[in-house]
Structure formats: structure tokens, C-alpha cells
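A.B. asks: Below you will find the structure I want to go over with you.
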Amino acid sequence: MNADKIIERIKNILTTPKTEWQVIAAEPATVTDLYKNYIVIVAAIPAIAGFIKGSLIGHSAFGVTVRTSIGSGLTGAVIGYALSLAMIYVMALIIDALAPTFSGEKNQIQALKTATYALTASWIANIGLLVPWLGILIVLAGVVYSIYLLYLGLPVMMKCPPEKSAGYTALSILCAIVLGWIISVAVAGITGSGMSMMGSASHSTSGNTSFDRDSWLGKMEEAGKKMEAAQKSGDTDAQQKAASEMMGTVLGGGDKVEALAPDLLKPFLPETLAGLKRTSLSAERNGAMGMQISEARATYSDDSGRSLHLDITDMGSVKGLMSLAGWAGVENSKETDQGYEKTYTQSGRLMHEEWDNQSNSGEFSIVLGERFSVKVSGDTDSINELKTAVMSLNLAGLEALKNQGVKKD
């Protein structure tokens, strides 16, 4: 499979999965062909992105950048890549072995196809590692979409009854989680770094998140039908509209969201913050492919040169990632001699903080209503002063707008 065919397959499995699974099921293939022409290429994306982020870009906070050494980074990337190649095959064996349990038909080649193409979304989404802290949500979205692809693919590829696909998917994913954990432990042991995404069970049942998995899957299926109908019609405008709707469904958690007008965010930028006077203000709304994000920013300073920066972002069309993060219990923690960085959930809200001991500077962010990000950054005596500054804002008023512009089907 050449580069053009790989790109075409990626596009089709992500945008018209129901149709593409039918095509994949009918294709002749061997283990060697699948690995040589697709797996070894697409599965390299997470390893490459991880190496670039960890060893070349690094994790930065206010002028201090922490990088994994090139040697450790390369070693971790190679080992992680090799283990992931092995994981695909083991995952296929598991899918094949489980087939009779869910009234399906055993077929190792079809099982390998299923594991390979379902994981495509997760592999591609690892490009999100190159994005600052919210990039982990892109990765998370890819994982969830891969689960959806597996859910759609099992009845076609392994010929299980559609009503048994959910259970088949759940058990397969459970096995994948165990395999993924083994890989992360192995790589972290070499590179000395790792991401924790624990606590999903407790968070998913806590009632602190609005993410509805079943509703999301239903709307994904509906959007998929519209996408397939548009493809068959040959109508370019209909295809673009369907693609926008599919993207909005993936990122919006099943809802269509119009980000707030910039003027609605400006009142949440007070004239003073932590005793400092506001010296600049800006607000804007940007959109593409039917998705929108609004941002409002202000700088506060005094004559002594002390300054703080306040950023308020309405995630708008990608608010579903915020809900998903709360549902999955996303956590991240890193500490060095220079300072620390961590992401965590507290009282049902996603929070992020960074601190640099050398420059006495940092930032504190909080996500409200699974939609609005509020961040204060700058030079100060401690991270607690940044937290106090954030908590002094009209957070309740902003959070009260979480349903504004949300259109539920």
C-alpha cells in the first residue's frame, strides 16, 4: 500500500467507518501485508510524536524546558514502537479468541484487520502530544473514537450479532487497557516518564461529568449515516456539511455548540486583579469546519513591573473533550529540581498548575462547566497567589453560561 492509499484508508476509516469496514472485510490480506503496508507506518506516529515532544520540544514552563535525553528518548521510542507492533498482533489474537463467546466467527486475518484499523484513530490522535496541556484531550478523543470504530467493526469483520457488539467491544478494550499499561510501564522504566490516566471508574460514576457514552455513540452513528449518504450522493457541499457534523459530534460530545460572542466574555475580565490594574484587553472568536472557540485576554500590571495575565477560553465546539477528560479522570504529574507541573480533577473540575522555583513564576488553570478554561499566569510569590486570583473571579457567573449556544438534537 503506497502513501496515497494509506492516506485514503485513514480518511475513510475516520469519516465513513461503516462503509469502509465493508470494504476492509472483503479485501484479501496476509499478516505480512498488513504490517508492511500499513501497521509499521501508521503505528510509528505515537513513537515519533512522543520522541519529538519529550526530547526535542520538551516540557516548558516560563523559560525552563525539561527534556528527556536524546539517547533515552530514542530508546524509549524504539522500544515503545516495537512493543506496540507486538501488541497489535496479541490484540488480534484476543479478538479472534473471543469471537465464539459473542456468537462470532473466528478468523485471525479479519481479527488483525479489526485491531489495526480500529486503532488508527488513536494512532493519529497522538499528534496531539505536540500541543500544550490540552493536547492530552486530543489523544483521549482518539482513544474513544477507536473504541467506537471497534464497536462498528466487530459485527462486520467477526460476524457477531450487532446486539452483542457492545459486550464484545468492552471485553476487547479491557484486554487492550491491560496491554497498554504493560507497554507504558516498560517504556516509563527506560525514559523515566509517563502519563497517568487513572480513576476512570470512580469519575465516570461520580455524577460530576455530563459525558453520556451511550448518547455519544448514538449521535456518532447518526452522523456516520449522514456522512455515508453524502458520500454516495456525490454532492460536495453535502459532504462538507456532513464532515463538519461528524467532527462536531466527535469533539462536542454529541452536542452542537456555538461559542460565546467575545462581548459576553469581556465582563469576566475585571478592571483589577490581585491588586493590579488592567492595562490591556482583547477578545475574539475563531471558527473552522463548523467549530468555534472564543478567547478573551487581559494583562494586569503596576509601576514596579509586576504583571499577571488572565486568559478565558470558551471551548465551544470542542467542549466534549472537557467532558471526556472528567469522565476518564485524566491526571498528569511531573516534578523536577526547577519546579513542577500537574493536571488533576478536584470537586468535579479539571485543573492544571505549573510552578518554576527559580523565576518564581507559574500558572493556574481551571475548567468550568466542562467548557470554559480560566488561566492566570505570571510572576508572584507562590502558586497559591495565582489560585487566589483565579478564585476571586466571577467563576459562578461564567459557569452559569455553560449551556448557552448548546443545541441538543
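A.B. asks: I'd like the accessible area for GLU8, computed on protein heavy atoms only with a 1.4 Å probe and all protein chains in place. Round to 10 Å², please.
C.D. replies: Surface accessible to solvent at GLU8 totals approximately 80 Å².
A.B. asks: Dividing the alpha-carbon Rg of the range 354-409 by 2.2 N^0.38 Å yields what?
C.D. replies: In units of the 2.2 N^0.38 Å rule of thumb, it is 1.41.
A.B. asks: Same structure again: Hey, can you grab everything whose amide H is under 5 Å from the amide H of SER307? Only 5+ residues off in sequence or another chain; H modelled, so Pro and N-termini drop out.
C.D. replies: So SER307 has HN proximity to ASP379.
A.B. asks: Sticking with this structure for a sec: What pairs in LYS36/LYS164; LYS11/LYS36; LYS256/LYS402 have C-alpha atoms more than 21 Å from each other? Working shown, then result.
C.D. replies: Values: LYS36/LYS164 32 Å; LYS11/LYS36 19 Å; LYS256/LYS402 13 Å.
In this structure, LYS36/LYS164 exceed 21 Å between Cα atoms.
A.B. asks: If you stretched the chain out fully between ASP263 and LYS277, how much longer would it get, using 0.36 nm times the residue separation minus the C-alpha to C-alpha distance? Let's see the in-between values first.
C.D. replies: Numbers: separation 14, 0.36 × 14 = 5.04 nm, distance 2.02 nm.
Once the chain is fully extended between ASP263 and LYS277, it gains 3.0 nm.
A.B. asks: I would also like to ask the following. Apply the a/c threshold of 1.5 to the C-alpha gyration tensor of the range 329-376 and tell me whether it is rounded, prolate or oblate.
C.D. replies: It comes out oblate by the Cα gyration axes.
The values are calculated or read from the model by the stated rules, or taken from the named source; none is laboratory data. Just so it is clear, the structure is predicted and the values come from calculations on it, not from any experiment. Please note that ligands, DNA and RNA were not included when accessible areas were found on the heavy atoms of the full protein model with its side chains. Shrake-Rupley method; radii C 1.70, N 1.55, O 1.52, S 1.80 Å.
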